[in-house]
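Read-outs throughout are calculated quantities, based only on the coordinates presented, and are distinct from any laboratory measurement. Just so it is clear, the model here is predicted, and its values are computed rather than measured. Glycine also receives a Cβ, built like all others from the backbone with ideal geometry; neighbour counts cover every protein chain displayed.
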Amino acid sequence: MSSIVTLCFCHILCVSFVVDFITGFTCLDNRLYVVYYLHSTIHVFTADTFSEVTVITVNGLEYPTYIIASHDDNQLYVSDVFSVWRVSAVNPTNYELWLTVGLPHGFFSLSLTSRRLLLTYRLSHTLRQYSTVNKELLRVIDLPDPVKRPTYAVETSRDTFVVSHLEPHRGVSELFSKFHYLVVTFT
């Protein structure tokens with residue numbers, strides 16, 4: 001059961017937040033969409049006051065781990081261990097099991113750039129990019145050896161990829177081409 005907690009400091013600053021195991025959230029058209037661990041629902045709040053507007057039930061969604069929004073077509077994409085669900089933000093009863101991934105380790109995160117969905121795989125040395133128009137696998141991006149256990153990746157406007165990773169050191173790397181990359185590590 002989730003609840004909203006509001007903290008007020010000196011009657012000037014009030015901060016509201018949801019209390020539960022949140023696994024992902026995204027904003028679209030002044031709405032905040034939130035997914036929780038082991039919940040088959042997407043909770044929708046106003047982005048300015050955090051008032052809950054509705055709850056979208058997605059039958060079949062079991063382990064939501066990430067959610068992103070497409071401003072191009074008003075769709076929400078929710079990762080569920082081995083699959084991606086697509087939910088219409090305009091008509092929330094219109095949802096589908098959009099993509100099933102047959103890899104044994106599932107994936108960690110999603111990112112979206114201009115109708116291209118990028119999946120980051122937990123224990124793989126690859127990223128996979130799909131078209132949101134027709135589900136076509138556009139490309140598989142092989143990660144260089146110094147980039148292991150990726151946790152998140154985004155495509156830049158320069159057609160490069162920025163990847164956060166856990167091994168061999170926690171860091172962020174930008175992949176410029178198949179043979180060139182920059183690694184920034186954190187201690």
Loop-resident trypsin sites (Lys or Arg not before Pro) in segment 74-136 with no more than 16 other Cβ atoms inside 10 Å, DSSP not H/G/I/E/B, are Arg115, Arg122, Lys135
For segment 87-149, the dipole about the Cα centre with charges only on Cβ (Lys and Arg +1, Asp and Glu -1), to the nearest 20 debye, works out at 100
So for segment 14-159, using the alpha carbon gyration tensor with a ≥ b ≥ c as root eigenvalues (a/c under 1.5 gives rounded; past that, a/b versus b/c decides prolate or oblate), I'd call it prolate
Nearest-0.05 FRET efficiency for Arg170 and Val81 at R0 = 25 Å, using Cβ-Cβ distance, is 0.60
Taking Cα pairs closer than 8 Å and at least 6 residues apart, the relative contact order of segment 78-146 in percent is 20
Listed by chain and number, the residues whose amide H is under 5 Å from that of Phe108, excluding neighbours fewer than 5 places away on the same chain and using placed H, are Thr120, Tyr121, Arg122
Taking the dipole of segment 60-156 about the Cα centre (Lys, Arg +1; Asp, Glu -1; charges at Cβ), the one of Ser88, Tyr130, Val140 that reaches farthest to the positive side is Val140
The extension gain from Leu97 to Glu136, computed as 0.36 nm times the residue separation minus the Cα-Cα distance, is 12.5 nm
